[in-house]
Amino acid sequence: MGMHMNEGSDELQESHEINVTPFIDVMLVLLIIFMVAAPLATVDVKVDLPASSATPQPRPEQPIYLSIKEDDGLFLGNDAVAPEQLGAALDRHSKGDKEQTIFIRGDQEVDYSRLMEVMDLLRGAGYLKIGLVGLETVGRP
């Protein structure tokens, strides 16, 4: 409490205790905000991913995402990249490590032939480890 009542006196005595309840409330609100905002900060390219019922695999610390948009645009991370520049851009992102897994995020409207073309570009650049990203539906009906 902030003050104590003394029954014999008309004066109020101040308490020198800090009330930490508002601090805890603020910290909990900030924690929730950061928990919601952290996943949104990974990749900003909007792609309508298809759903998968497979068990999710652990992600590496610094994954490399290659996104294929509905209009066949390629994005490495958040940056647009031309198909002929894909190998050089991947070398910069992976620091030349061709053993890194490249995660492909393809819009569900992308043709299968376009997906295969992109996978051929990755193979031609020397990146043979490819992961396909989809929406997780494990545990949902």
- Message: Suppose we filter 138, 110, 118, 133 for residues that are modelled with pLDDT under 85, closer than 19 Å to residue 73 by Cβ and within 23 Å of the chain's Cα centre (by Cα); which single one remains?
- Response: 133
- Within the set of pairs 6 or more residues apart or between chains, which connect a residue that is farther than 14 Å from residue 118 by Cβ inside the stretch 76-95 to a residue that is of a type in the set (D, E, K, R) with Cβ atoms less than 6 Å apart? 78/44
- Within the stretch 54-69, can one find any residue that is exposed (fewer than 14 other Cβ atoms within 10 Å of the Cβ), more than 20 Å from the chain's Cα centre (by Cα) and not acidic (Asp, Glu)? no
- Message: With the structure loaded, tell me whether residue 47 is part of a loop (DSSP other than H, G, I, E, B) and either modelled with pLDDT of 85 or more or surrounded by 11 or more Cβ atoms within 10 Å (Cβ to Cβ) (or both) or whether it fails that test.
- Response: yes
- Only one of (1) over 20 Å from residue 48 (Cβ atoms); (2) in contact with an Asp or Glu (Cβ under 7 Å, 6 or more places away or on another chain) is not met by residue 78, so which one is it? (1)
- Task: Take the stretch 94-124 and flag every residue that is surrounded by 17 or more Cβ atoms within 10 Å (Cβ to Cβ) and part of a loop (DSSP other than H, G, I, E, B).
- Result: 100, 107, 110
- Message: Checking the structure you have, find out if any residue of the stretch 1-8 is in a strand (DSSP E or B), within 21 Å of the chain's Cα centre (by Cα) and modelled with pLDDT under 85.
- Response: no
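The values are calculated or read from the model by the stated rules, or taken from the named source; none is laboratory data. This one's a predicted model, so the numbers in the text were calculated from it and none came from an experiment. No Cβ is skipped: glycine too gets one built from the backbone with ideal geometry, and neighbour counts run over all protein chains shown.
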